[in-house]
1. Would you work out the Kirkwood radius for segment 1-49? I mean one over the mean of 1/r across all pairs of different Cα atoms, in Å.
2. Given bins 10 angstrom wide, list per bin the percent of all Cα-Cα distances in segment 1-127, short to long.
3. State which stretch of the chain is the longest one without any exposed trypsin sites (Lys or Arg not before Pro), exposure meaning a DSSP loop state and at most 14 other Cβ atoms within 10 Å.
4. Distances over 24 Å make up what percent of all Cα-Cα pairs in segment 111-224?
5. Among A120, A49, A68, which one shows the highest mean-square fluctuation when the chain is modelled as a Gaussian network with alpha-carbon springs under 10 Å?
6. Per the helix-only calculation at 222 nm, which mean residue ellipticity applies to the chain, given -39500 (n - 2.57) for every DSSP H run of n ≥ 4 and division by its residues, nearest 500 deg cm²/dmol?
7. Let me test this: with uniform point scatterers at the alpha carbons of the chain, what is the Debye-based log₁₀ I(q)/I(0) at q = 0.11, 0.17, 0.18 1/Å?
8. Give me M147, M109 sorted ascending by neighbouring Cβ count inside 10 Å, so fewest comes first.
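Derivation of every value follows stated rules applied to the coordinates shown; laboratory data play no part. Source: prediction; values computed, not measured. Please note: Cβ atoms are built from the backbone with ideal geometry, for glycine as well, and neighbour counts cover all protein chains shown.
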Amino acid sequence: MATRVAVAGAAGRMGQTVCAAVQGAPDLELTGRVDPALGTTLADALQRADVLVDFTVPDTVVDNARRAVAAGVHVVIGTTGFDPEELQGLSGANIFVAPNFAIGAVLMMQFAAEAARHMARAEIIELHHDRKLDKPSGTAARTAALMTASRGPQAGEIPVHSVRLPGLVAHHEVILGDVGQTLTIRHDSTDRESFMPGVLLAVRRVASLPESPVVGLERLLDAA
Ligand SMILES: NC(=O)c1ccc[n+]([C@@H]2O[C@H](COP(=O)([O-])OP(=O)(O)OC[C@H]3O[C@@H](n4cnc5c(N)ncnc54)[C@H](O)[C@@H]3O)[C@@H](O)[C@H]2O)c1
């Protein structure tokens, strides 16, 4: 039987792409498009969904997740700009969160964390389209956190610089510097399709997570 998927933020840039990806997957069925812009409600959609995918806004994402798990519906969150710690303790179904669902961005984070152990200083530049609400990006914040965890907090903060311009999608550059050399690790999402394999993987896996919430696409890739 197909997994029934509802999408919150269905009228948005990511939501529309996710709806199309779910419709294109033979093992998934799109059963709800939730968005105030469409006049549809979460309560209705939760009645006929196994998984809720959330690409909405920072103000609403935690409340959406709380209501979904209370209804026994698993949640896959792509929304950024909130603290995933706020999801601790929510029970009734599983929650999976990733600040970036693109495989290349996950690899960038892993390479950057490794490099941070060996080079003296680092800064991150994140560049996004000018309609993005949060700053710095969730990906940049998580990359900085992983790098800090890898090299130890005594090495100091990793500054993040944000650029917002039309024409951009989602781009991250980690620049590491040491005596007489720099190393640059860069990832570009040039199309929102880049996030879809990761989103669908999370939709298929969220019901069988070993704990909840789980943060980071690497947690699913390493278990694959
Ligand atoms: N994790 C990732 O890989 C990834 C990738 C790209 C974007 N994002 C994040 O996804 C989020 C959405 O990005 P976007 O570019 O699609 O934004 P967007 O502004 O195009 O879409 C957001 C949509 O959410 C809707 N919305 C607002 N409140 C809602 C509610 N209570 N219930 C349902 N829908 C509601 C809005 O009407 C809008 O249609 C942002 O936080 C962005 O940073 C994450």
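1. On the way: mean 1/r = 0.0941 Å⁻¹.
Every distinct Cα pair counted, the radius reaches 10.6 Å.
2. 12, 39, 29, 14, 5, 0
3. On the way: sites that count: R48, R117, R131.
Longest run free of exposed loop sites: 132-224.
4. Details: 2335 of 6441 pairs.
When all Cα pairs of segment 111-224 are counted, 36 percent exceed 24 Å.
5. The residue that fluctuates most here is A120.
6. Numbers: 7 runs with 71 residues, N = 224.
Result for the chain, helices only: -9500 deg cm²/dmol.
7. Per q value, in the given order, log10 I(q)/I(0) is -0.54, -1.19, -1.30.
8. Working: M147 22, M109 27.
Exposure proxy ranking, most exposed first: M147, M109.
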